[in-house]
Amino acid sequence: MRVLVVTAVPIERDAVTRASGAGPTVSVHAVPGAEIHRAGPYDVLAGGAGPAAAAASAAFALASDRYDLVISAGIGGGFAGVAPVGSLVVAGRIGAADLGAETPGGFVPVTALGFGRVWHFPPRSLVKAAVAATHAVTGDVLTVSTVTGSAERAAALLAAHPGAVAEAMEGFGVAEAAERIGVPVLEIRAVSNAVGPRDRDAWRIGDALAALTEAFGKLTPVLEGWTHHDRHDA
């Protein structure tokens, strides 16, 4: 099974590649703006921060080779009481939290404007197996272009998306690229901080990266046992 893993930055890429236990990796080939590193069953790239960079890098990589699955992976913010710092999240749905329009009556998603989409759906059987193997929390992972920095914004996101467990900046972009080429998608996030008031001193990036490495080590046998015909399961 060929798996492409798209991260935002090199420290996330390296956390994933460490899961193979094979030591330092080397670039196997390049796509515009990024290099793909091979580590065991994974081809891993650091495609840049934000949904646009993630979509572009994922699209180039998916067009350059044949893959059976693409995973958006990295660190992210967890909503209090659901996904604490240091925990792992597997997306049951991948959503664009701020894709739409502000109106006098409040935010309107792009789908209500008559075009686009705001949700992507990873294969349920794969989500279930990944959660069981990694002991992750599952729920909606929101893609945002601006990291939440206040309690008011965190509350607004939860009011609009009561199933949200985490936020990050790349998942929806990766999912958009995967959907266009017909490859199933998964999103995995290790929680480095709480969604809410921005306090960098409270972030635990090192712990989250270690959790990400551990998660991909546990995920390998799951992917080996996940059959291709399950990719469109309901």
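Using Cα atoms only, what is the angle between the long axis of helix 51-64 and the major principal axis of the chain, expressed in degrees (0 to 90) to the nearest 10? Taking Cα atoms only, the helix is inclined about 30 degrees.
Stretching the chain fully between VAL147 and PHE115 yields a gain of 9.0 nm (0.36 nm per residue, less the alpha carbon separation). Springs join every pair of Cα atoms under 10 Å in this Gaussian network model of the chain, and among ARG124, ARG13, ARG200 the largest mean-square fluctuation is at ARG200. The slack in the chain from ASP201 to MET1, taken as 0.36 nm per residue of separation less the alpha-carbon distance, amounts to 68.0 nm. The stretch between ALA155 and ASP65, if pulled fully straight at 0.36 nm per residue, gains 28.3 nm over its current Cα-Cα span.
Rounded to the nearest 10 degrees, the angle from helix 124-134 to the longest Cα principal axis of the chain is 80 degrees.
Using a Gaussian network model of the chain in which every pair of alpha carbons under 10 angstrom is joined by a spring, one finds that among ALA208, ALA55, ALA112 the greatest mean-square fluctuation is at ALA112. All Cα-Cα separations within region 15-118 were binned at 10 Å from zero, giving a P(r) of 12, 32, 33, 17, 5, 0, each value a whole percent of the pairs. Translational diffusion coefficient of the chain (Stokes-Einstein, Kirkwood radius from Cα pairs, 4 °C, 1.567 mPa s): 74 µm²/s. Only beta bridges with both residues in region 1-151 are counted; by DSSP, about 45 percent of them are antiparallel. So, counting K/R as plus one and D/E as minus one, what does the shell of residues with Cβ under 13 Å around ASP65 add up to? That works out to +1. Other residues lying with their Cβ under 13 Å from the Cβ of GLY78 contribute a combined charge of -1, Lys and Arg counting +1, Asp and Glu -1. Applying the criteria of a DSSP loop state and at most 15 other Cβ atoms within 10 Å to the chymotrypsin sites (Phe, Trp or Tyr not before Pro) of region 103-157 yields PHE115.
Relative to the longest principal axis of the Cα atoms of the chain, the long axis of helix 205-225 lies at roughly 60 degrees. Dividing the radius of gyration of the alpha carbons in region 130-170 by their Kirkwood radius gives 1.04 for Rg/Rh.
Computed from the coordinates by the stated procedures, all read-outs in this text should not be read as laboratory data. Keep in mind that what you see is a predicted model, and the values were worked out from it rather than measured. Backbone-built Cβ (ideal geometry, glycine too); neighbour counts: all protein chains shown.
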